[in-house]
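As structure tokens, the structure follows; a few thoughts come after it.
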Amino acid sequence: MPYSVTVAWDHLVKAFANMEADRIYFFDRMTGEIFSVGADLEDSFWEQMERQQERFLAIPPLDRADERRILTGFLHAQEDQELRRLLEHALSGKPPYVNPADILPFFPEQEDRLAELRDSFVSNRVMAWLEEHNLFSHSTSLHAVN
């Protein structure tokens, strides 16, 4: 019998934006709850989750490759030549080592633009995941449908 639960969109987006390797997020199909656990839990927990995989879906984290794709796309569209040069160096991995997050605060408009690109990427990923797991229907407007 199909049933529907409300999906907390902002919590789901936050879970998808997770980059902590030691934290895993799950979605409960029956309640719509999103919860996280430490990756270092005992085997008995993981065995129980495996047995209930129809109910609990692991939410894929945002990995470094995804983050790099977002940043590379942002870089290629960058018109500010100074920022482009700084970001190219940061992404090259050559000394002196620089983190793009340390550069962008000096370019607040571009930092906001990158945040919008990241949000859009994550939102699109969430929608694709919801559809892939039959949890989204346009008629239910962000209600999970099982």
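No value in this document is a laboratory result; all are computed from the given coordinates. Everything numeric here is computed off the predicted structure, so don't read it as measured data. Cβ placement follows ideal geometry from the backbone for every residue including glycine, while neighbour counts extend to all protein chains displayed.
Find how much the distance from Arg69 to Val13 grows on full extension, using 0.36 nm per residue of separation minus their present alpha carbon separation; answer in nm with one decimal. Intermediate results must be reported in sequence, preceding the final value.
Values: separation 56, 0.36 × 56 = 20.16 nm, distance 1.80 nm.
Using 0.36 nm per residue and subtracting the Cα-Cα distance, I get 18.4 nm.
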Under 5 Å from the placed amide H of Arg23, counting only residues 5+ away or on other chains, we find Ala39
For segment 70-87, Karplus-derived ³J(HN,Hα) couplings (6.51, -1.76, 1.60; θ = phi - 60°; whole Hz; x for glycine and proline) come out as 4, 5, 5, x, 4, 4, 5, 8, 6, 9, 6, 5, 5, 5, 4, 4, 5, 5
Dipole check, segment 1-139, charges on Cβ (K,R +1; D,E -1), about Cα centroid: among Ala8, Leu75, Trp46 the Cα furthest to the positive pole belongs to Leu75
Which of Arg69, Arg118, Arg85 fluctuates most in a GNM of the chain (C-alpha springs under 10 Å)? That residue is Arg85
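In square nanometres and to one decimal, what's the mean projected area of the convex hull around the Cα atoms of the chain?
Working: hull surface 44.0 nm².
Quarter of the Cα hull surface area: 11.0 nm².
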Under the 7 Å Cα-to-Cβ spin-label approximation, His76 and Ser36 lie apart by a distance in nanometres of 3.1 nm
Rounded to the nearest whole number, the Stokes-Einstein translational diffusion coefficient of segment 64-120 at 37 °C and 0.692 mPa s (Kirkwood radius, C-alpha pairs) in µm²/s is 287 µm²/s
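Can you tell me the dipole magnitude for segment 64-120 around its Cα centre, using point charges on the Cβ only (Lys, Arg +1; Asp, Glu -1), in Debye to the nearest 20?
Working: 8 positive and 12 negative charges, 77 e Å.
Here segment 64-120 has a charge dipole of around 380 debye.
Would you work out the charge dipole size for the chain about its Cα centre, treating the Cβ of every Lys and Arg as +1 and the Cβ of every Asp and Glu as -1, and quote it to the nearest 20 debye? Could you put the intermediate results ahead of the total?
Values: 14 positive and 26 negative charges, 58 e Å.
It comes to approximately 280 debye.
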